[in-house]
Amino acid sequence: MRKTVLFVCAALFSLPAYSQLSSGAIDSLAERSLKAFDVPGIAVAVIKDGKVIHAKGYGVRSLRTMQKVDENTLFGIASNTKAFTAAALGILVDEGKLKWDDRVRDYIPEFKLFDSWVTEQFTIRDLLTHRSGLGLGAGDLMFFPDSSDFTIEDVIYNLRYLKPVSSFRSKYDYDNNMYIVAGEVVARASGMSWDDFVTTRILQPLGMTHSATSFDRLKDTGDIIDAHSVVDGRVRVIARSTGKVDHAAGGINSSIADLSKWVLLQLAHGKYNGKQLFSDDVHEEMWSPQTITQRRVSPGPYNTHFQAYGFGFGISDVKGYKQLSHTGGLEGMVTQITMIPELNLGIIVLTNQEESAAFASITNQIKDSYLGITGTDRVAEYAAIVKRNKAMGDKVTDSIWQHIEALQKTGKGSVDMSPYTGTYHDLWFGDITISVKNGRPWFESRRSRQLTGELYYYNGNTFVAKWNNRSMHADAFVSFILDENGKTSGITMKPVSPLTDFSYDFQDLDFSRK
């Protein structure tokens, strides 16, 4: 393998300035990324000057079937769906059915946030720009991990219980639930569901015939990936996400062949095959900075000076060019779409494993070749970052589990659970139960069934929940609150590992004993 790596590096480094990677070089780059990041399958497309110049699959769709990935293989694109939701709203703006700065309550009267003034001022623009004042991923546990029984109506109602962490419109914090609300605005304004609107007004006109707004709506699943994650030190097939409420935030399943048409539409300012799906005014609004995402930006290798969020796209400058980009992540798959309009360039990378370094290394190495950046090896660079981050995360979690194991060996890990057992209620997440099963302390969520597992005593009144589903990588501290009489009155939680996905927003939970 070392010889192959050196050969690929030599091929990349020998490229002259402003010489774009050939299809052969992209092949080598993708194959190298598969191995470096232990990803079963990847699909890569490059769009340049109005044409798809590269569209190929690499590796396998599933470690079960070992069938090959191709340009039509379907992946869950997750949050790359958000730009489709913004475009759907843009079409309705063109038709005069709504305005970006209309109040959300004009379309969803029951919409209510923790602060009444913010509720009244909240606009459609605010739904799309991650500036609500809520914390990162607040409320995501209503749909993540997949398996909960929350409805869209539940999500909208429960937003009133989520407490802000910053003032309205003052700070960027990524928010999935507001895009779920945006999808409901599409439904209320158009008279059809978000799924039907996006299908009939975007997917069908673009000829994205293999794509669908959710896994359940796919007509043909003969060429689709399985989700994969590292479980007990080895990459394995895991359960597929088939979310029921988060379609407008992350539901679309698609391929590089179909998504290339979406990128061509974007680069052509809303026009595809001579038909204008949305106006240039809508296009410019989607591509304009709405919220500053990082106030202090290190220029880095791309000489970047600003980072912002538009409507469904992150916006920054790279080597003097404007860049539009977004990533997406579901259980067992992560994706990225990147565009540099002045170069008329688009790059799509879809993967069936949870390692984002794979798509980042491929995207940036291709991007480097168009920006005239030579001498880089993005695979090696990101592999080093992954190794460093994993070591950091392992150091934290290993020390915690070593402490727990030491307590168990000395007998101090066995505690009387009777003061803790019972049912606890959070206003937006619902009930959990703490019980003893087969002699072991047990945590179980009533509404999100995957949040079930054994509790291990850690310290004081704090335990660690070890979830049965080991692909989640989201074990959590469970701390019991005592009242003035020394009785348990509530529970707070937070992730054990600093690498836990932000959508496990345990820190937003505030359980009271029933």
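Could you tell me which of the residues K112, K56 is open to solvent by 10 Å² or more (accessible area, probe 1.4 Å), assigned to a loop (DSSP other than H, G, I, E, B) and of a type in the set (K, R)? None of the others qualify; the one that does is K112.
State the number of residues belonging to the stretch 54-87 that are touching a Ser or Thr at 6+ places or on another chain (Cβ under 8 Å) and aliphatic (A, V, I, L, M). Residues flagged as touching a Ser or Thr at 6+ places or on another chain (Cβ under 8 Å) and aliphatic (A, V, I, L, M) within the stretch 54-87 amount to 4.
Applying the set (1) surrounded by fewer than 17 Cβ atoms within 10 Å (Cβ to Cβ); (2) out of contact with any Lys or Arg (no Cβ under 6 Å at 6 or more places or on another chain) to L264 leaves exactly one unmet item: (1). Please name all residue pairs, on different chains or six or more residues apart, with Cβ atoms under 9 Å, provided the first residue is in the stretch 104-119 and is closer than 26 Å to M192 by Cβ and the second residue is of a type in the set (S, T, N, Q) and part of a helix (DSSP H, G or I). Matching pairs, first to second residue: V104/T119; R105/T119; F111/T119; K112/T119.
Residue count for the stretch 295-313 satisfying the condition of being without any contact (Cβ under 8 Å) to a residue 60 or more places away in the chain and either open to solvent by 20 Å² or more (accessible area, probe 1.4 Å) or basic (K, R) (or both): 10.
Is there a residue in the stretch 142-165 that is surrounded by fewer than 17 Cβ atoms within 10 Å (Cβ to Cβ) and of a type in the set (A, V, I, L, M)? Yes, that holds for at least one residue. For the stretch 469-484, give me the residue count where each residue is open to solvent by 70 Å² or more (accessible area, probe 1.4 Å) and closer than 19 Å to T423 by Cα. Matching residues across the stretch 469-484 total 1. Within the option set G453, G490, being assigned to a strand (DSSP E or B), surrounded by 15 or more Cβ atoms within 10 Å (Cβ to Cβ) and under 25 Å from the mean Cα position of the chain (by Cα) holds for one residue only, G453. Looking at the stretch 469-478, is at least one residue touching a residue at least 40 places away in the same chain (Cβ under 8 Å) and among the aromatic types (F, W, Y)? No, that holds for no residue. Examine the stretch 410-422 for a residue that is within 30 Å of G137 (Cα to Cα), touching a residue at least 12 places away in the same chain (Cβ under 8 Å) and in a strand (DSSP E or B), and state whether such a residue exists. Checked the stretch 410-422: at least one residue is within 30 Å of G137 (Cα to Cα), touching a residue at least 12 places away in the same chain (Cβ under 8 Å) and in a strand (DSSP E or B). Just for the stretch 325-348: of the residues that are over 15 Å from I366 (Cα atoms) and assigned to a strand (DSSP E or B), which one is most open to solvent (accessible area, probe 1.4 Å)? By that ranking, first place goes to T327.
The values are calculated or read from the model by the stated rules, or taken from the named source; none is laboratory data. Just so you know, these numbers come straight off a predicted model, no measurement behind them. Using ideal geometry, Cβ is built from the backbone for each residue, glycine included, and neighbour counts are taken over all protein chains shown. Side chains are part of the model used for accessible areas, which takes the heavy atoms of the whole protein and leaves out ligands, DNA and RNA. Shrake-Rupley method; radii C 1.70, N 1.55, O 1.52, S 1.80 Å.
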